[in-house]
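What follows is a short report on a single structure.
Just so it is clear, none of the values below were taken in a lab; they were calculated from the coordinates. This is a predicted model, so every value here is computed, not measured. When we count neighbours, we look across all protein chains shown, and the Cβ atoms used for this are built from the backbone with ideal geometry, even at glycine.
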Amino acid sequence: MIQVREKDLSARDLCDLVRRFLAICPQARIIVNSRLDVALALNAHGVHLPAGSPPPSALRPVCPPHFLIGVSCHSIDELQAAALDGADYAFLAPIFPPISKPSSLPPLGLDTLARACKSVSIPVHALGGITESNAGACIEAGAAGVAGISLFGHAGIRQDTPPNRSPFKSRFTTMPVPRESEAEAGLHPTTRSACFVCGHDNPHGMRIRFELLDTGVAEAVWTPEAAWDGYPGIVHGGLVSTVLDEAMSKAVAATSIRTFTAGMRVRYRRPVASGDRFVIRGWVVKRVKRLIEAESSLEGPDGIEYAHAWASFLAPPKANG
């Protein structure tokens, strides 16, 4: 996700800039700061509203389906109000003293960030004074991701960040991928012929083919069939969670550690339509002794995330390295 925030540009110049971002970043979600008219005119992916803007619910009737509306918040009360007003996500700031510009607001700190994230169901992105050294602490506190100016403008995005992932979700780490046997041929080494999700010999299965990327991401293209609908034209949510779990399992298995899913949480963002083409990605976030944490996402043909999952995988005691 890239937010275009140029307050001093004319509407014409801002349109030119947003148009360039849309052209050169086709796989990123382009969000326009403040200017709903520009975002709608250029078919951008969403608009970000500064504090004090009209509520998202007032803008939603003129926005197309899947259009994202984010809100900047500076307190838990503002965050809860934004969630109730229909925001898709929120920035909470400042968490730390800002680096790129002075602020009259006191830093909220990690404790407030943790309480804020628990108080709402929408994704909360930490903003203000975010660096590579403290971004992980924001994630541990419950933030869905981090946002910043200095963080990405000065240091850049690490080369080991999984491809096509929003920098807001970057955890700055991936696990290495073994390149041998089936992995050398681009197939996932744990593919089982009878597996319901990925097995090529299961006549009732999905037969999803996962590939391992050099970054450690397990990726597959999935076009769900109408037979998997829970409602007409809408894929059953249980199957969506199944493919998200499988994507994480593939990424975890690539670390050569045998594990089982110990717990999983899924956020369904939008209905998944059968017949549409989706991209599934799973990646490892970190490993602490026998516990491996992973995430996965399901992106639609419009490049928007339809579902996101977080899971913990546990290795048997004998696999503890």
Review point. Among the listed pairs Lys101/Lys286; Lys7/Lys118; Lys7/Lys101, which are separated by more than 25 Å between their Cα atoms?
Key: Lys101/Lys286; Lys7/Lys118
Check your understanding: By the gyration tensor of its Cα atoms, with a ≥ b ≥ c the square roots of the eigenvalues, what is the shape of segment 23-163: rounded for a/c under 1.5, prolate for a/b over b/c, or oblate?
Key -> oblate
Exercise for review: Could you tell me which of Gly109, Ser10, Ser119 has its Cα farthest along the dipole of segment 1-134 towards the positive end, charges placed at Cβ (Lys, Arg +1; Asp, Glu -1), taken about the Cα centre?
Suggested key: Ser10
Review point. Dipole magnitude of segment 1-55 about its Cα centre, charges +1 at Lys/Arg Cβ and -1 at Asp/Glu Cβ only, in debye to the nearest 20?
Key: 100 debye
Exercise for review: Could you pull out the trypsin sites (Lys or Arg not before Pro) across segment 220-307 that fall in loop regions by DSSP (anything but H, G, I, E, B) with no more than 13 other Cβ atoms inside 10 Å?
Suggested key: Arg258, Arg277, Lys289
Check your understanding: To the nearest 20 debye, what charge dipole does segment 10-147 have about its Cα centre, counting +1 at the Cβ of each Lys and Arg and -1 at the Cβ of each Asp and Glu?
Key -> 300 debye
Review point. Using 0.36 nm per residue, how much length does the chain from Leu105 to Asp77 gain when fully extended, once their Cα-Cα distance is taken away?
Key: 8.6 nm
Exercise for review: Tell me which residues come under 5 Å, amide H to amide H, from Ser100 once H is placed; ignore anything under 5 positions away on its chain.
Suggested key: Gly129, Ser150
Review point. Residue by residue, what Karplus-based ³J(HN,Hα) values in Hz, rounded to whole numbers, does segment 308-315 have, using 6.51, -1.76 and 1.60 with θ = phi - 60° and x for Gly and Pro?
Key: 9, 9, 10, 8, 10, 10, 10, 8
**Study point:** Approximate spin-label separation Ile24-Arg258, in nm, with each point projected 7 Å along Cα-to-Cβ
**Key:** 4.9 nm
Practice item. Convert each backbone phi in segment 14-23 into a coupling constant with the Karplus relation 6.51 cos²θ - 1.76 cosθ + 1.60 (shift: θ = phi - 60°), then list the ³J(HN,Hα) values in order as whole Hz, x for Gly and Pro. Key: 5, 4, 4, 5, 5, 4, 5, 4, 4, 6
Check your understanding: In segment 216-305, which GluC sites (Glu not before Pro) fall in coil by DSSP and have 15 or fewer other Cβ atoms within 10 Å?
Key -> Glu225
Review point. How many nm separate the modelled label positions at Ser150 and Val288, each set 7 Å beyond the Cα in the direction of the Cβ?
Key: 2.8 nm
Revision key, fill the gap. Normalised Cα Rg of segment 254-316, dividing by 2.2 N^0.38 Å with N its residue count, works out at 1.28
Review point. Taking the simple approach of a point 7 Å from Cα along Cα-to-Cβ for both Asn43 and Arg60, what is their distance in nm?
Key: 2.5 nm
Review point. Using the per-residue mean of other Cβ atoms lying within 10 Å as a proxy for protection, in what order, highest first, do the peptides 308-317, 85-94 fall?
Key: 85-94, 308-317
